[in-house]
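Notes follow the structure.
The values are calculated or read from the model by the stated rules, or taken from the named source; none is laboratory data. Worth saying up front: this structure is predicted, and the values here are computed from it rather than measured. Every residue, glycine among them, receives a Cβ derived from its backbone with ideal geometry; neighbour counts consider all protein chains shown. The area values use the complete protein model at the heavy-atom level, side chains included, leaving out ligands, DNA and RNA. Shrake-Rupley method; radii C 1.70, N 1.55, O 1.52, S 1.80 Å.
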Amino acid sequence: MSAQALFGAIEAGGTKFVCAAGYGPRAIEPQFRQVIPTTTPAQTLAAVGDFLERVRRQAGAFAGIGVAAFGPVDIDRRSARWGSILTTPKPGWSDVSLVTPLARFGCPLFVDTDVNAAALAEARFGAGADADSLVYVTVGTGIGGGVVIEGRTVRGMLHPEMGHIRVRRDERDAQFAGICPFHGDCLEGLASGPAVLARWGAKLESLPDTHAGLDIIGGYLGQLAATLALVLSTRRIVFGGGVMSARLLGRVRAAAERQLAGYLPIEARAGGFEQLIVAPGLGDQAGITGAMLLAAG
Ligand code: ZN
């Protein structure tokens with residue numbers, strides 16, 4: 001039997017749960033990886049339990065399990081609902097506890113948002129390994145962001161929900177009402193994957209370079225980046241998720257630079273906006289690496 005501490009990690013997403021286990025955040029065991037589609041809570045969480053049970057049978061008891069969850073999720077350990085998904089438009093998932101089914105493993109449990117966990121991993125091992133502060137934004141089915149300042153994720157009343165800020169409308173986009181069920185034309189309502197599909201009938205990646213949609217979406221995300229630079233002053237703003245691409249990232253940088261209009265001393269630094277607004281260093285592994293980090297520290 002190994003004397004090393006064994007950790008479990010769950011990246012609980014709206015479309016899939018990525019499960020992993022290993023002996024440290026960068027030491028996931030290849031045979032202990034499983035992707036489970038997100039269906040009903042009962043079915044999905046039973047499959048997660050089966051995975052962890054298999055790991056325990058083969059490798060021994062867990063020293064800790066980290067859960068990086070889609071939000072909104074209660075991450076306040078003092079709360080009675082700690083570890084539960086809060087009110088979500090995702091059918092069946094409101095008020096579902098992600099941690100209750102894990103109690104039987106008898107180890108410490110850790111919960112944070114998927115984007116906070118991804119930010120933690122990017123700050124430790126990825127795009128922010130040389131910086132002390134970082135935001136990780138994901139642009140996909142929804143838009144969310146996590147924040148790490150000096151090695152700790154930002155959490156408070158809830159957790160950052162920066163996908164729902166208001167942005168100034170592009171005048172070429174005035175007719176679209178937006179699709180956020182809460183706010184209509186908040187950032188997520190305008191710039192998420194489903195919002196792109198709703199007005200142009202295609203994914204952003206399939207639109208030609210000359211299509212205005214790229215500039216419009218890049219403009220909205222650039223407004224978020226400029227706002228983050230002004231409010232949080234982090235040294236990195238990482239943009240990941242299924243909607244992002246190199247050509248979109250370039251437009252996000254350009255829009256942020258336009259909006260800030262020389263106010264912050266970013267241009268003066270080597271690399272300027274290319275240093276500030278970057279792609280993930282860990283690719284699509286940021287979330288699960290972050291979940292391992294929650295457990296292993
Ligand atoms: Zn919204």
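When Val115, Val139, Val147, Val135 are checked against the criterion of being open to solvent by less than 10 Å² (accessible area, probe 1.4 Å), within 16 Å of the ligand (Cβ to nearest atom) and at pLDDT 95 or above, a single residue qualifies: Val139.
Hey, any hits in region 168-187 for a residue that's touching a strand residue (DSSP E or B) at 6+ places or on another chain (Cβ under 6 Å) and crowded, with 24+ Cβ neighbours inside 10 Å?
Yes, the conditions are met somewhere in region 168-187.
Residue-level check: of (1) surrounded by 15 or more Cβ atoms within 10 Å (Cβ to Cβ); (2) in the same structural domain as Lys203 (by TED's automatic domain parsing), Gly66 misses just (2). In this entry, Leu102 passes the filter for residues that are in a helix (DSSP H, G or I), more than 15 Å from the ligand (Cβ to nearest atom) and open to solvent by less than 10 Å² (accessible area, probe 1.4 Å).
If Pro89 meets every condition in (1) within 16 Å of the ligand (Cβ to nearest atom); (2) crowded, with 17+ Cβ neighbours inside 10 Å; (3) assigned to a loop (DSSP other than H, G, I, E, B) apart from one, which number is that one? Only one criterion is unmet by Pro89, namely (2).
The set of residues in region 246-263 being out of contact with any helix residue (DSSP H, G or I) (no Cβ under 6 Å at 6 or more places or on another chain) and either more than 24 Å from Thr15 (Cβ to Cβ) or loosely packed, with under 14 Cβ neighbours inside 10 Å (or both) consists of Ala246, Arg247, Gly250, Ala254, Arg258, Ala261, Gly262, Tyr263.
Scanning region 163-174 for residues that are away from the ligand (no atom under 14 Å from the Cβ) and either among the β-branched types (Val, Ile, Thr) or within 25 Å of Ala118 (Cβ to Cβ) (or both) turns up nothing.
Can you find, within region 69-86, the residue that is surrounded by the fewest Cβ atoms within 10 Å (Cβ to Cβ) among those that are of a type in the set (Val, Ile, Thr) and within 18 Å of Ala295 (Cβ to Cβ)? Filtering region 69-86 for residues that are of a type in the set (Val, Ile, Thr) and within 18 Å of Ala295 (Cβ to Cβ), the one surrounded by the fewest Cβ atoms within 10 Å (Cβ to Cβ) comes out as Ile75.
When the criteria are applied in full, Arg199 meets the requirement of being of a type in the set (Lys, Arg), out of contact with any helix residue (DSSP H, G or I) (no Cβ under 7 Å at 6 or more places or on another chain), without any contact (Cβ under 8 Å) to a residue 60 or more places away in the chain and open to solvent by less than 60 Å² (accessible area, probe 1.4 Å). Here region 33-63 is the region considered, the condition is being over 30 Å from Pro91 (Cβ atoms) and buried (at least 17 other Cβ atoms within 10 Å of the Cβ), and the residue that is nearest to the chain's Cα centre (by Cα) is Phe62. Scanning region 254-297 for residues that are at positive phi and either of a type in the set (Ser, Thr, Tyr) or assigned to a helix (DSSP H, G or I) (or both) yields a single hit, Gly283.
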